[in-house]
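Have a look at the structure below, then the notes.
Just so it is clear, none of the values below were taken in a lab; they were calculated from the coordinates. None of the values given here were measured: they were computed from a predicted structure. Cβ placement follows ideal geometry from the backbone for every residue including glycine, while neighbour counts extend to all protein chains displayed.
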Amino acid sequence: MKPGLGTQLRHLIELLDGAVARAYVEAGLSYRPRYTPVMRALIRLEPSSIGQIAELAGITQPAATQTIALMSKEGLVSVQPGPVDGRQRLIRLTEQGRVLLPKLQACWQANGAAAAALDAELASPLSEALGNAIAALEAKPFGARIAEARARLAASERADRQPQDSFKKM
C-alpha cells in the first residue's frame, strides 16, 4: 500500500530535520532547526512583533509564538512589552543569540548547498514542487478540497443507489 501524502510529508521532514539537527550538533551548536525562520526574521527586522516574525518567516502566528517561547527559555531571544501597547511583545536577539549567528550562517550556507544538490538530482526540483503545492493550497486550502471530494463521493454513492431502468416499456 502506498503511504498517504501526510505520511510521506512527515517522513520527508524527519529525514531533512534529522540531518539538519545532526549538522548543528556536529558544528557544536545546541540549536533546533525550527528556530531558523525566527532567527532569519530577526536578522531582517529587529525588534519584531510576533506577528511580524510570523509574516517574515512564512509561518503561522501560533507556530511563531511557540518557537519564540522555546527560544526565550534557551536564552536566544528576549521578549519585552511594546512601548505603546503593553500587550504587544517585541522580540530581540540576546547576546547569546547573536554569538551563534556566524556559526549558524555557515550551517545555513551548507544546508542551502545540500538542498540545491538534492534538487539537481531529482526529475523536478523538490523546492519547486513544494512552492507549487504551497501556492495551490493558498489558492484553495486542502480543507476545501476535502469538502469537494466528499461532495463528489456522496453524489456518486447516491447515483449508484438509484434504481436503473434497464428495460424500456414497449
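Close amide H pairs (under 5 Å, H built 1.01 Å from N) link residue 88 with 82, residues at least 5 positions away or on another chain. Of the peptides 56-67, 121-132, 16-27, the order by per-residue mean of other Cβ atoms within 10 Å, starting with the highest, comes out as 56-67, 16-27, 121-132.
Note on the chain: helix-only mean residue ellipticity at 222 nm, from DSSP H runs of 4+ residues weighted -39500 (n - 2.57) and normalised by residue number, equals -22000 deg cm²/dmol. Scalar couplings 3J(HN,Hα) for the range 154-159, obtained by applying the Karplus form with A = 6.51, B = -1.76, C = 1.60 to θ = phi - 60°, are 5, 5, 5, 5, 5, 5 Hz; x denotes Gly and Pro.
Compute the relative contact order of the chain as a whole-number percentage, counting only Cα pairs closer than 8 Å that sit 6 or more residues apart in sequence.
Details: 104 pairs, mean separation 23.6, N = 170.
For the chain, the relative contact order is 14 percent.
Using θ = phi - 60° in the Karplus curve 6.51 cos²θ - 1.76 cosθ + 1.60, the 3J(HN,Hα) couplings for the range 21-26 round to 4, 5, 5, 5, 4, 4 Hz; x is entered for Gly and Pro.
Does the range 42-151 come out rounded, prolate or oblate, given a ≥ b ≥ c as the square roots of the eigenvalues of its C-alpha gyration tensor, rounded meaning a/c under 1.5 and, failing that, prolate meaning a/b above b/c? If you can, show how the numbers build up before the last one.
Values: a/c = 3.15, a/b = 1.32, b/c = 2.39.
Oblate.
Taking the Cβ of residue 60 as the centre, find all other residues whose Cβ is under 15 Å away and add up their charges (Lys, Arg: +1; Asp, Glu: -1).
Working: positive: 34; negative: 55, 138.
Value of the local net charge: -1.
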